[in-house]
Every structure is written in structure tokens, then in C-alpha cells.
Amino acid sequence: MAGIGTSPASAEPRVGGYAWFVLAVLVAVYAFNWMDRYLLIILVEPIRADLGISDTSMGLLTGFAYALVYSIAGLGIGRWADHGSRKRLIALAVAGWSAFTMLSGFARGFVGLAASRASVAVCASGCTPPAYSLISDYFPAHRRGTAIAIYSLGISFGIWAGLAAGGWLNEHYGWRATFMIMGAPGLLLALAVLVCIREPQRGQQDGAHADQAGYGWREGLTLMWRRRAFAATTLGLALLSFGGSGFEMWTPAYLVRTLGLGTAQVGSLSGMIEGSAGIFGTLLAGILADRLGRRDERWYLWLPLIGVCVIVPAEWLFLFYGHGTTLYATYFLAILGTSSYTAPLMAVGQLLLPSRLRGLGTAVMLMFLNIIGTGAGSFCVGLMSDLLKPLYGDAALRHAILFSLAGTLVGVICILYAIRRLPAELAQIRGTRGKTDTTMEGNRDVGDPLEQVG
């Protein structure tokens, strides 16, 4: 098992150097994924002015339309990740979204831009499901929160690069050249993935709890639904992201429109804060979740709720009292809070699913995250901004962003339900894994024992 050994002092698996190297490559891939995605965020105002596109249409492009295409494609790709070569899938995805990012610079109207961004979304959906599956085979359960948090740093690195470099390039070369310049390096990264990553044995980190059974679409989705902690965590993650995405995706446009700042200045400011706060918050959440989760795995769910307690007041202060030092401090705290939930909640999903269902399971979580969170969150902010413009003028965007926090508060209820279900469901999985798998292999219609928990 490449990169994995056993410590002489304990029976717990030890993570070797190659596993960390693979994780570093995956972080780079994920950074390019988000960099290409956030280019459109910093370019909203120049594209809108050049092509005459409304806030609602831009919200559709940055949010719901992208998320819908990403999610539908992700389900099929998740199945591919459970049965095919994960490294080849990732390499193909990187090459694809990089090429279509470059083609975005040739768009002459809304339809052309939408087509290129939809193609980016299809390819981008091939990143995280196979990456999470690889991480779960290179890292044991008690290190996955940290590993997923490190992988998630790609979000912060990518947003930072996309906003800062994209804003600077736009002011010097225009938005069309920016797409072309930023997309090109991904083609080299795709080749690096093929050369540097080896496929590990599936389920090698699950030990006695390893489940190598294959699952069809119906069996896999049924199992996910019956594991109520998984279902509640998935919906909770999506609703928390509804508010977080609405804030993150529209704050650059808010700063340009309301404060009159240039894209280079906003890109530098937003990139620095999104990057630094995101890196710190993601790492802190992942490390704390693993450490506290060894004593009580519900900490993987408690920590995101602590993050919500930071998000709500920070966003309100930023939008209505954000001037000078207060603007920077509250912006940093809001991003710190939004970066606290993804890694712990995705780690819960990996805990609750067998090895040959983790690709599809990740795709399902991302489907809800992207459609309800990234998609609906960004779209609703754009729609509310247009609807409120007769009342508030340019300040309408401020009230629209605040409105998105309603989804975050509903997500808290889902996470609380998952906290109630998690201990009994994990105990049931670990205590009856073999019996459950044998039963399901013999008769796929037999009810999951977890249906009786709680």
C-alpha cells in the first residue's frame, strides 16, 4: 500500500510521505478548479458592462446554472470514480475545464458565455468525487478531517489567485485575455496528475470495516437516504452554503458598485482576505474536528455550528457598518466562519459510506451543495438585488446579500438533527458491517438495519 505503513507503537495506520505528496497534487488541482471558477466572480462588472447582462443573468451564470450543470454531470462522474481510474478522470477533468476557461474569452454574448461556462462546469465536476475517494484510501478515518481540510485549502488558494490575478489582468489586458491567460497552465497540471499519482487499493484504510461490495444506482441512493445522519448532513451543508456563497460570490461586486473601487483593488483585497481567512479557518476546523472527534465524533458537526455563530454577526456588521478597519475585520471573520463547515461535514459523509460508494456519495453531497448552496444562493442574491433596486438603488445588493443568511439558519436545524443521529448510526455500521453487507448482497431489497436506529 503505497505511502502507508503501521506505527510500531500502535496498531493505527501511519500516513507515509507519498500520501502527503498525492494530497499536495490534489490541492493544486482543486486550486485551479476554484481559480477558474472565481475568474467570473471578479469579472462580473466588466462583463456585465461590456455585454449588457443583468444582475439576475450574472447570478444565474455564477450560481444556479453552473451549479445545476455541475451537479447533474457530477452524479455520473461520481459513479465513474467508484469503478474506474480516478487519476485519469481527474487529469481529463483538469484539461477540459482549463480549455473551456480559455474559450470563455471568445464569448460575444450571454449565450456564448453561458455555453462555455456550462462546459467548464461539466469538466470541473470531475475533480472532487475522485479526489475524496483517493484521500479516503490514502488516509485513515482519524486523519481524514485534516486531509480533507488540507485538500479544501485549494478553495482558498484558488479564490485568492482567481480574484487577485484576475482583477489585475483585467485592468491591464481586459476580461477576454484574462480568461485565456488563466486557463492555459491547467493543461500542464493535467499531465502532472497522470505522471505523479498512483491508484491505491480501494478501502485499504477501512480495516475490519472495509466494504468492497458494489452498489447500483438504486442501492447506493437508498443506502444514503436510510442513513439519516448522512442525509441531514448533506442538506445542512447545502443550506449553510446558501448564505456563505451568497456573501462570497457577490461581495466583490458589492465593493466595486457600492464603494466605487476598481477590480484590481477589490481583487487584491478580496483575494487576500478570502485566501488568508479561508486557509486559517479550513485548517483549524479540520485539525480540531479530528482531534476532538477522536473522543466524540459529533464534533465534526458541532464545529460548523460554532462557525455559524461567527458568520451571522460578522456579515451584518460588514454590510451595514463596514468602513476602514471594521470592513477588513468583519470581512475576515465572515470568511473564517464560512470556511469552518465544508471539511468537517464532508468528512462525516466519508465516515458514513462504504469505500465503493464514496465517489457517488461525494457527488450527491456536492449536488446539494452546488444547487442549493452555490447555485440558489448566488442566483437569489442577484434576483433580490434586481427586485430591490427600485427601493434601495445600488444599496439593494447589500440587503440581498443579507437575505441569504436565512438559508444558513435553516441549515442549523439539519445539523442538529444529524448530531442526534450520528452516534447510533456509526455504532450500527461498525457493529454489523459484515452482517449488513452479506444481507444486502443476498437480497438488495432487505432493509438497512440503520433504518431502525433512533
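The values are calculated or read from the model by the stated rules, or taken from the named source; none is laboratory data. Keep in mind that what you see is a predicted model, and the values were worked out from it rather than measured. Note that we place each Cβ from the backbone using ideal geometry, even for glycine, and neighbour counts take in every protein chain shown.
Among the residues of the stretch 302-312, none qualifies, meaning not one is surrounded by 17 or more Cβ atoms within 10 Å (Cβ to Cβ), within 14 Å of A343 (Cβ to Cβ) and modelled with pLDDT under 90.
Looking at this structure, is R421 under 20 Å from G220 (Cα atoms), among the charged types (D, E, K, R) and at pLDDT below 55?
Here the answer is no, as R421 does not meet what is asked.
What about L357, is it surrounded by fewer than 20 Cβ atoms within 10 Å (Cβ to Cβ) and among the aliphatic types (A, V, I, L, M)? Against the criterion (surrounded by fewer than 20 Cβ atoms within 10 Å (Cβ to Cβ) and among the aliphatic types (A, V, I, L, M)), L357 does not qualify. Among the conditions (1) at pLDDT 85 or above; (2) closer than 20 Å to L397 by Cα; (3) surrounded by 24 or more Cβ atoms within 10 Å (Cβ to Cβ), T374 misses just one, which is (1). Evaluate the stretch 138-150: report whether one residue or more is closer than 17 Å to V22 by Cα, of a type outside the set (K, R) and not in a helix (DSSP H, G or I). Among the residues of the stretch 138-150, at least one is closer than 17 Å to V22 by Cα, of a type outside the set (K, R) and not in a helix (DSSP H, G or I), which makes the answer yes.
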